[in-house]
Amino acid sequence: MKLENLKAPAPNRQTRKRVGRGEGSGLGQQSGRGHKGQKSNSGGSIKAGFEGGQMPLQRRIPKFGFKNPFRKEYAGINLDVITDFIQREKLTDSITKQDLINCGLIHKNDLVKILGRGEFEQKISIEADAFTKSAAEKIEKAGGTTTVIA
């Protein structure tokens, strides 16, 4: 048995609907499109969200707040996750941004922020774009170093 020899079971093999092939087929004349109207004509498609000229829902609802286009989005990594990866020997005692990318914790263009959840006793040095106060305290209390990448 080869992949190219496989066939779908008989109930799954359904023939394509052939429209516009005479009255006897059951889909002649208007070909299942009904009588007149925008959707019956060729090229008669309407964009998503169009409500027939009525003001669309996404424009009727009030907008709130402010979206800062210059906001920095950080990928947060907690200390308990780093501890877990060190115990599984996926990270060593000196951690760079590239090490975190290789482990799959972040993507290559992400900004990294180390967060302070969990207990931490390893003496390590970490390079990241930002640290929370609690994370920096825990790392330095354990004898490690924190380096902020400029």
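Observations on the model:
- Net charge dipole, region 74-148: roughly 120 debye, given to the nearest 20, about the Cα centre with Cβ charges of +1 for Lys and Arg and -1 for Asp and Glu.
- Gyration tensor verdict on region 74-148 (Cα atoms; rounded if a/c is under 1.5, prolate if a/b is larger than b/c, oblate otherwise): oblate
- Value of [θ]222 nm, deg cm²/dmol, for the chain, DSSP H segments ≥ 4, -39500 (n - 2.57) each, nearest 500: -5000 deg cm²/dmol
- Over region 74-148, relative contact order from alpha-carbon pairs under 8 Å, at least 6 apart, %: 32
- Positive end of the dipole of the chain (Cβ unit charges, origin at the Cα centre): among 79, 50, 144, the Cα lying farthest that way belongs to 50.
- Charge dipole magnitude, Cβ of K and R +1, D and E -1 - the chain, Cα centre, debye nearest 20: 1640
- Near residue 98: Cβ cut-off under 11 Å, other residues only, Lys/Arg at +1 and Asp/Glu at -1. The net charge is 0.
- HN-Hα J in Hz across region 10-27 - Karplus 6.51, -1.76, 1.60, θ = phi - 60°, x for Gly and Pro: 3, x, 7, 8, 10, 6, 5, 6, 9, 9, x, 10, x, 5, x, 6, x, 10
- Anisotropy class of region 1-84 from Cα gyration tensor, a/c 1.5 cut: oblate
- The chain: mean projected area of Cα convex hull, nm²: 20.5
Each reported figure results from applying straightforward, stated rules to the coordinates on display, with no laboratory input. Not measured: the values here are computed from a predicted model. Positions of Cβ are generated from backbone atoms using ideal geometry, with glycine treated the same way; all protein chains shown enter the neighbour counts.
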